[in-house]
Amino acid sequence: MLNTLRPASVLVVLLTALTGLAYPLAMTGAAQLIFPAQANGSLIEKNGTVVGSALIGQAFTSERYFHGRPSATTGADPADASKTVPQPYNAANSMGSNLGPTNPALFERVKGDMAALKGENPGAAVPVDLVTTSASGLDPDISPEAALFQVPRIAKARGVNEDVLHRLVAQTTQEPTFGLLGEPRVNVLALNLALDRFAGAK
């Protein structure tokens, strides 16, 4: 029996060291060497302070900023830990709403969002990504159309020319990866930081 147990034990220790220690350390080291920004969370800094990640959206609500997609993520209710309450862009609880297209709650939420958005920019078609949540609830990007739709509201709130905001949207628009993968997109945090830099330079 010892003749069987000894090689089995050695093999377990060896494989544990290789797959549980050596391989993860090698991959972590390679990632830090080749893709340091991505390996550390694609963090975005402002004046040396981390203000967010390029991979996780934030809930901008001020009229002076571009807003992202709706987020269906939730978190524990501070008043009752056994219940949940909406917490947009809660990275600890990535999820979609799982509400079907005939669900009354989804219908009323989209209807309310549509009414509010049409009030911001009467006559313009509301981009679909401004009223629909993503599967993760953490989408940091919106379409260029969704960003441009918000320009009149922000121009009025900040007292700036709409043409300036159009240029900021164009400057921060990312094209499809390799020109093929995905759609043109605008990172909302990056766009709002560019907006603040413009305001600060005035």
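Do we find a residue being surrounded by 18 or more Cβ atoms within 10 Å (Cβ to Cβ), in contact with a strand residue (DSSP E or B) (Cβ under 6 Å, 6 or more places away or on another chain) and closer than 26 Å to Pro176 by Cβ anywhere in the range 121-131? Before the answer, list the steps.
Quick first cut of the range 121-131, residues surrounded by 18 or more Cβ atoms within 10 Å (Cβ to Cβ) only: 126-127, 129-131.
When the remaining residues are screened for being in contact with a strand residue (DSSP E or B) (Cβ under 6 Å, 6 or more places away or on another chain), the result is 129.
So of that shortlist, the ones also closer than 26 Å to Pro176 by Cβ come out as 129.
There is at least one residue in the range 121-131 that is surrounded by 18 or more Cβ atoms within 10 Å (Cβ to Cβ), in contact with a strand residue (DSSP E or B) (Cβ under 6 Å, 6 or more places away or on another chain) and closer than 26 Å to Pro176 by Cβ.
Can you list residue pairs whose Cβ atoms sit under 8 Å apart, with the first residue in the range 104-131 being within 16 Å of Pro88 (Cβ to Cβ) and the second being surrounded by fewer than 18 Cβ atoms within 10 Å (Cβ to Cβ) and acidic (Asp, Glu)? Count only pairs 6 or more apart in sequence or on different chains.
Listed by first residue and then by second, the contacts come to Leu130/Asp113; Val131/Asp113.
Select from the range 130-158 the residues that are under 13 Å from the mean Cα position of the chain (by Cα) and among the acidic types (Asp, Glu) and write down the one among them that is farthest from Leu168 (Cα to Cα).
First, pick out the residues of the range 130-158 that are under 13 Å from the mean Cα position of the chain (by Cα): 133-143.
Now drop any that are not among the acidic types (Asp, Glu), which leaves 139, 141.
Details: Asp139: 20, Asp141: 15 Å.
Checked the range 130-158; the qualifying residue farthest from Leu168 (Cα to Cα) is Asp139.
Could you tell me which of the residues Pro101, Pro88 is touching a residue at least 40 places away in the same chain (Cβ under 8 Å) and assigned to a loop (DSSP other than H, G, I, E, B)?
Working: Pro101 fails: touching a residue at least 40 places away in the same chain (Cβ under 8 Å).
Sole residue among the options that is touching a residue at least 40 places away in the same chain (Cβ under 8 Å) and assigned to a loop (DSSP other than H, G, I, E, B): Pro88.
Go through the range 172-193 and give me each residue that's over 17 Å from the mean Cα position of the chain (by Cα) and either aliphatic (A, V, I, L, M) or modelled with pLDDT of 95 or more (or both).
If the condition is that a residue be over 17 Å from the mean Cα position of the chain (by Cα) and either aliphatic (A, V, I, L, M) or modelled with pLDDT of 95 or more (or both), then Leu180, Leu181 are the ones that fit.
Which condition number does Leu106 fail, the rest of (1) at pLDDT below 85; (2) surrounded by 15 or more Cβ atoms within 10 Å (Cβ to Cβ) being met?
That leaves (1) as the condition not met.
With the requirement that a residue be outside any strand (DSSP E or B) and either over 17 Å from Arg185 (Cα atoms) or at pLDDT 95 or above (or both), what does the range 70-79 give you? Can you show your working first?
Our first condition is that a residue be outside any strand (DSSP E or B); within the range 70-79, this holds for 70-73, 78-79.
Ser71, Ala72, Thr73, Pro78, Ala79 - these are the residues of the range 70-79 that are outside any strand (DSSP E or B) and either over 17 Å from Arg185 (Cα atoms) or at pLDDT 95 or above (or both).
Select, from Glu45, Glu108, the only residue that is within 30 Å of Lys156 (Cα to Cα), part of a strand (DSSP E or B) and either out of contact with any helix residue (DSSP H, G or I) (no Cβ under 7 Å at 6 or more places or on another chain) or basic (Lys, Arg) (or both).
Details: Glu108 fails: part of a strand (DSSP E or B).
Just a single option satisfies the conditions, and that option is Glu45.
What pairs can you find where one residue is in the range 49-64 and without any contact (Cβ under 8 Å) to a residue 24 or more places away in the chain and surrounded by fewer than 17 Cβ atoms within 10 Å (Cβ to Cβ), the other is of a type outside the set (A, V, I, L, M) and in a loop (DSSP other than H, G, I, E, B), and their Cβ atoms are less than 8 Å apart, with a gap of 6+ or different chains?
If the second residue must be of a type outside the set (A, V, I, L, M) and in a loop (DSSP other than H, G, I, E, B), the pairs left are Thr61/His67.
The values are calculated or read from the model by the stated rules, or taken from the named source; none is laboratory data. Because the structure is predicted, anything quoted here is derived from the model rather than measured. No Cβ is skipped: glycine too gets one built from the backbone with ideal geometry, and neighbour counts run over all protein chains shown.
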